[in-house]
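Here the structure comes first, spelled out in C-alpha cells, and everything after it is commentary.
The values are calculated or read from the model by the stated rules, or taken from the named source; none is laboratory data. All figures in this text were calculated on a predicted structure; none of them were measured in a lab. Counting neighbours? That spans all protein chains shown, and the Cβs are built from the backbone with ideal geometry, glycine included. Heads up: the accessible areas ignore ligands, DNA and RNA and are worked out on the full protein's heavy atoms, side chains in. Shrake-Rupley method; radii C 1.70, N 1.55, O 1.52, S 1.80 Å.
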Amino acid sequence: MSKDGTILAQKIRKSFGPKTVLKDINLDIASGEICCIIGPSGSGKSTILRCINGLETVDSGVLKVNGEDFGYYETAHAYHAHSPKKLAEQRTRVGMVFQSFNLFPNMTALENVMSGPVLVKGANKKESAKRAQELLASVGLAGFGDYYPAQLSGGQQQRVAIARSLAMDPEIMLFDEPTSALDPEKVGEVLAVMKDLAKKGMTMVVVTHEMGFAREVADSLIFMDDGYVVERGDAREVLSNPQEARTQAFLQQVL
Amino acid sequence: MVTATNKGKEATMSSIEAALKPRIRLRTPWEYTGWVLSILAGIGILVSVLTNPNFKWAVVAQYFTHESILRGLMLTIFLTLASMTLGTLLGLGLAIMRSSHVKPISIAANIYITLFRGTPVLVQLIFWFNISALYPNLTIGIPFTNIGTAIDMNALMAPITAALVGLTLNEAAYMAEIIRGGFSSVGKGQIEAADSLGMSAGTRMRKVIIPQAMPSIIPATGNQVIGMFKGTSLVSVLGVAELLQSAQLIYARTYETIPLLLVASLWYLVMTLLLSYPQSKLEQKYSRATSRLPRKAKKVVLTEPEGTLR
C-alpha cells in the first residue's frame, strides 16, 4: 500500500434532507500537513471531516483520499459505490478521533487499542498486544492497559482513542473537536499527544476551537461558515491577519 | 414514648440536644389498618386451606413426586429450554433483519413480528397442529424440477413438534423486539468508531454491538424464560403430556381434580421461584450504575496524579 496521506476535495456538496450543509467545498491537503478547521457550529466543519472518513457520503463532487477516490470508483458517467470490503480497507488508512471518544466500553484500554489490528486486519494477538502497549506508552498511558474506559478520565480516554486509531497505521488522522468534551484541566494532555504526533509527519486534519493549538502546531488553517470555505491560508497568518470580514468577526469573538 | 409535639415545647424539648434527636417516621391510621386487615385475611385463608378437607393435601403429597408428574415436568423443562433457545436464535436473526437498511428485509421481519405478537399463542399452537389441513404434503425440492421429496404433514406435525414450532415461532417475535431494543441502546458513536476502524458488519455486530446490548437483553430474557415456563401449559390442549396434561390425565381417572391441579401449580411455583433468583441477581447486576464496568475490571489505583502530561 503506497504511502500518500493527501486529501483532495473539489466542489463537494452534501445535504441532510432539505438542509445543505456543504455547499462548495474545495480542499487540498498535502502529505504531512497539519490543517486546522475552525468555524461556528453548523458551518459544516464536522461534516466534511466525517465525509473524509466515510461516516457520511458526499452528494456530489470529487473526494480523493490517499490519492484515490474515496468510497466510490469513477466510470465515464458516474461514481459507483465501493463494496463494503473495499470501503473498510480505505477507512483503515484514515484514523478518526471523536469528540465523545467512543471507546468500546466492553474492552480494556489495551483491547481497545488492539481491536483494529486484531479484529480488522487479523493480526497476531501477541504482537498486537506488544504494539498496543508501546502505543499506550507513547500517549503517556503505560500501565493503564488493563483499565476499562469507565475507569479512566476523559483526557485518558481520549488518549486511548488516539492510540486506537494509530494502531491501524493510518496515513491520515482526523480529529473531530477532540478536546471539546474535556474538563479544561485535561485539555492540555490531549493536545500534548497531538503535538507529538504532528512532529512525526502524520497528515492531520483537526476540527477545533483551540486557537492556541492552531497557532502553535498547524501549518494551514481553514475557516468555514455556512457550508463554504471562507478563508484558508497559513495558520498564523490567518489568525493574526484575517482577510475576510466574516473571519475577522469570528476570531474577534473567540480570541 | 416521647411525644415531642408542638404543645410540649417548654418541657420536653431540652431532654436531648436538638441536633441528635432521632427523626420519627409518620405512621398514619391507614398503616395500622392495613396491618390488621392483612393479618386477618392471611390467617383466614390459611385456616381455610388447612381445614378444608377437599384440598386433600394427602393426595397432593402422594402425587407430588408421581412418576408421570415428574416425566411431565421434565417435558415442560425441555419445551421451555428448547423453545427459548430456538426462539432466541430466530429472534436474533429477526432483530438483525429488522435493523437492516434493505427495506424489504426489515419490512418482512416487521410483518412477522406483528403477526406473531398480534395473535394469541394458544391459537397459534392449534394452528400449527392443524397445518396439514392447509398443506397436506410438504415438498422439499428444487423449484421447476422433479427433484425433491414429499413429506406427509400429518406425520411431521406430531403434537410435540407442533408445540415446539408454535412456542418457538411465538417466542422469536418477542425475543426479536427485546434484542432490537438492546441493539438500539448501543450508542451511534460506538457504531461510528467501529466503522472508522474499518470493521466489517459481522465483526461490528459480534464484538461491539452484542456485548454492549447484553445488559439490557439478559434481564428481559430471564423474564421471558419464566413466562415461557408457565406458557408451556398451553400445549396441553394439543395432548402433549407436559406437566399440566400429566396432571389432567391422572384426575381424568381419579376425579381428584383440585389436588392434582395443586400438584401442577406447586411445581410451576417451585420452578418459577428457582428461576426468579438468578433472574433478580441478573437484574441487579445489570441495573447498577457501575454496570458499564465489566465484572472482571480491576479496581482503579492511581499511579500518577491525573493530568500530569500537561
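For the list (1) away from every other protein chain (no Cβ under 13 Å); (2) over 20 Å from the mean Cα position of the chain (by Cα); (3) open to solvent by 20 Å² or more (accessible area, probe 1.4 Å), I need the number of the one condition that B:L238 fails.
Exception for B:L238: condition (3).
When you scan region B:63-81, how many residues do you find that are within 30 Å of B:M175 (Cβ to Cβ) and loosely packed, with under 15 Cβ neighbours inside 10 Å?
Total meeting the criteria: 5.
Could you please find all residues in region A:43-65 being out of contact with any strand residue (DSSP E or B) (no Cβ under 7 Å at 6 or more places or on another chain) and touching a residue at least 60 places away in the same chain (Cβ under 8 Å)?
A:R50, the sole residue that qualifies.
List the pairs whose first member sits in region A:93-118 and is more than 8 Å from chain B (Cβ to nearest Cβ), whose second member is of a type in the set (V, I, T), and whose Cβ atoms are under 6 Å apart, counting only residues at least 6 apart or on separate chains?
A:V97/A:I162; A:A109/A:V160; A:N112/A:V160
Quick check on A:G145: is it free of Cβ contacts under 8 Å to residues at least 40 places away in the same chain, part of a helix (DSSP H, G or I) and not basic (K, R)? Lay out the reasoning, then the answer.
Working: free of Cβ contacts under 8 Å to residues at least 40 places away in the same chain: yes; part of a helix (DSSP H, G or I): no; not basic (K, R): yes.
It is false that A:G145 is free of Cβ contacts under 8 Å to residues at least 40 places away in the same chain, part of a helix (DSSP H, G or I) and not basic (K, R).
May I ask you to verify whether A:C51 is of a type outside the set (F, W, Y), under 14 Å from A:G227 (Cβ atoms), open to solvent by less than 10 Å² (accessible area, probe 1.4 Å) and not in a loop (DSSP other than H, G, I, E, B)?
yes
Can you list the helices (runs of 4 or more DSSP H) found entirely within region B:99-176 that contain at least 1 residues being surrounded by 11 or more Cβ atoms within 10 Å (Cβ to Cβ) and acidic (D, E)?
Counting at least 1 such residues, we get no helices (runs of 4 or more DSSP H) at all.
Whether any residue in region A:167-185 is open to solvent by less than 20 Å² (accessible area, probe 1.4 Å), out of contact with any Ser or Thr (no Cβ under 6 Å at 6 or more places or on another chain) and assigned to a helix (DSSP H, G or I) is what I want to check.
The answer is no, given that none of the residues of region A:167-185 is open to solvent by less than 20 Å² (accessible area, probe 1.4 Å), out of contact with any Ser or Thr (no Cβ under 6 Å at 6 or more places or on another chain) and assigned to a helix (DSSP H, G or I).
Could you check region B:16-62 and list, in sequence order, the residues that are touching a helix residue (DSSP H, G or I) at 6+ places or on another chain (Cβ under 8 Å) and either open to solvent by less than 80 Å² (accessible area, probe 1.4 Å) or more than 30 Å from B:T257 (Cβ to Cβ) (or both)?
Residues satisfying the conditions are B:V49, B:F55, B:V59, B:V60.
When you scan region A:194-224, how many residues do you find that are surrounded by 21 or more Cβ atoms within 10 Å (Cβ to Cβ), touching a residue at least 40 places away in the same chain (Cβ under 8 Å) and within 14 Å of chain B (Cβ to nearest Cβ)?
2
Suppose we filter region B:178-210 for residues that are among the charged types (D, E, K, R) and over 17 Å from A:N53 (Cβ atoms); how many remain?
So the count comes out to 3.
Looking only at residues that are surrounded by fewer than 21 Cβ atoms within 10 Å (Cβ to Cβ) and hydrophobic (A, V, I, L, M, F, W, C) in region B:187-202, which one is nearest to the other protein chains (Cβ to nearest Cβ)?
Selected residue: B:A201.
How many residues does region A:124-142 hold that are open to solvent by 50 Å² or more (accessible area, probe 1.4 Å), more than 13 Å from chain B (Cβ to nearest Cβ) and assigned to a helix (DSSP H, G or I)?
Matching residues across region A:124-142 total 7.
Which residues, counting only those in region B:203-213, are within 15 Å of B:A95 (Cβ to Cβ), open to solvent by 50 Å² or more (accessible area, probe 1.4 Å) and touching a helix residue (DSSP H, G or I) at 6+ places or on another chain (Cβ under 7 Å)?
B:R204
Looking only at region B:214-224, filter to residues that are in contact with a Leu (Cβ under 6 Å, 6 or more places away or on another chain) and open to solvent by less than 40 Å² (accessible area, probe 1.4 Å); which one of those is nearest to the other protein chains (Cβ to nearest Cβ)?
Just the residues of region B:214-224 that are in contact with a Leu (Cβ under 6 Å, 6 or more places away or on another chain), to begin with: B:218-219, B:222.
The next check asks that each one be open to solvent by less than 40 Å² (accessible area, probe 1.4 Å); those that pass are B:219, B:222.
Working: B:P219: 17, B:G222: 20 Å.
Within region B:214-224, the match that is nearest to the other protein chains (Cβ to nearest Cβ) is B:P219.
Is one or more of the residues making up region B:275-294 out of contact with any His (no Cβ under 7 Å at 6 or more places or on another chain), open to solvent by 80 Å² or more (accessible area, probe 1.4 Å), at pLDDT 80 or above and β-branched (V, I, T)?
no
What's the number of the only condition in (1) surrounded by fewer than 21 Cβ atoms within 10 Å (Cβ to Cβ); (2) touching a Leu at 6+ places or on another chain (Cβ under 8 Å); (3) facing chain B (nearest Cβ under 10 Å); (4) not small (G, A, S) that A:K121 fails to meet?
Among (1) surrounded by fewer than 21 Cβ atoms within 10 Å (Cβ to Cβ); (2) touching a Leu at 6+ places or on another chain (Cβ under 8 Å); (3) facing chain B (nearest Cβ under 10 Å); (4) not small (G, A, S), the lone unmet condition for A:K121 is (2).
Of the residues that make up region A:45-55, is at least one under 15 Å from the mean Cα position of the chain (by Cα), of a type outside the set (D, E) and more than 14 Å from every other protein chain (Cβ to nearest Cβ)?
Of all residues in region A:45-55, those under 15 Å from the mean Cα position of the chain (by Cα) come to A:45-55.
Cutting the leftovers down to of a type outside the set (D, E) gives us A:45-55.
Keeping just the survivors that are more than 14 Å from every other protein chain (Cβ to nearest Cβ) gives A:45, A:48.
Yes, region A:45-55 contains a residue that is under 15 Å from the mean Cα position of the chain (by Cα), of a type outside the set (D, E) and more than 14 Å from every other protein chain (Cβ to nearest Cβ).
Filter region A:10-42 for residues that are under 17 Å from A:G233 (Cβ atoms) and either in a loop (DSSP other than H, G, I, E, B) or open to solvent by less than 30 Å² (accessible area, probe 1.4 Å) (or both) and give the result.
A:I25, A:L27, A:I29, A:A30, A:E33, A:I34, A:C35, A:C36, A:I37, A:I38, A:G39
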